[in-house]
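Have a look at the structure below before the remarks.
The values are calculated or read from the model by the stated rules, or taken from the named source; none is laboratory data. Here the structure is a predicted model, which is why all the values come from computation and not from measurement. Neighbour counts run over all protein chains shown; Cβ positions are idealised from the backbone, glycine included. Surface areas here come from the heavy atoms of the whole protein model, side chains and all, with no ligands, DNA or RNA. Shrake-Rupley method; radii C 1.70, N 1.55, O 1.52, S 1.80 Å.
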Amino acid sequence: MATRPAQADVRGAAFQAFWLLRAGFAVAPILFGLDKFFNWTVHWPSYLAPWINDIVPGSGQDFMYVVGGVEIAAGILVALVPWLGAPIVAAWLGGIVVNLLTANPPEHYDIALRDFGLMLGALTLARLAWAFRRSRALPEAETARRRLRRAA
């Protein structure tokens, strides 16, 4: 009988972790995406590997506008549909890691390592989102389904 409270504690902790990760991976990409348009925190084109800059049309800043739009969309997707948005954010972060590791000169290894850790966090969010979706434990999803059924 002692396992039931422990299971409830683990499930509650997992649900709290899910919401913390969901909030973080919704807000951060949106803020970083907005920053790509204004370069408030850093001059983003300087982080673009030269080989990527050579294959994309336009300037590095033009490419950062596209990157910013993708990041904003990914953050919104995590907020609305975390089971789909989280793996997209993880793949995006994987692409950033490859970009940083292949830059010449290779001077952003510290940021690549940080983004690798963020990628692991996004994969963790995806796993939790898939588990809660399968178990129908996401209350907002069930509430939305009920509202749609009533409206129809």
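Per-residue Karplus couplings for region 105-111, computed as 6.51 cos²θ - 1.76 cosθ + 1.60 with θ equal to phi - 60°, are listed in order as x, x, 10, 10, 4, 5, 6 Hz, Gly and Pro entered as x.
Per residue, what accessible area does the chain have, given a 1.4 Å probe and all protein chains present, in Å²?
Here the per-residue accessible area is 62 Å².
Net charge within 14 Å of Q61 by Cβ-Cβ distance, Lys/Arg positive one each and Asp/Glu negative one each, not counting Q61 itself? With Lys, Arg at +1 and Asp, Glu at -1, the neighbours total -1.
Comparing W40, W92, W83 in a Gaussian network model of the chain, where Cα atoms under 10 Å apart are tied by springs, the biggest mean-square fluctuation is seen for W40.
Once you keep just the Cα pairs under 8 angstrom separated by 6 or more residues, what percentage relative contact order results for the chain?
After rounding, I find 25 percent.
When the accessible area of the chain is split by element with a 1.4 Å probe, what percent falls to carbon and sulfur? Reported share for carbon and sulfur atoms: 70 percent.
With semi-axes defined as the square roots of five times the eigenvalues of the C-alpha gyration tensor, the equivalent ellipsoid of the chain measures 36, 19, 11 Å, largest first.
Sorted from largest to smallest, which semi-axis lengths in Å does the alpha carbon gyration tensor of region 1-83 give for its equivalent ellipsoid, taking the root of 5 times each eigenvalue?
Ellipsoid semi-axes (Å, largest first): 39, 12, 11.
Using heavy atoms of the protein chains and a probe of 1.4 Å, the accessible area assigned to M64 is about 10 Å².
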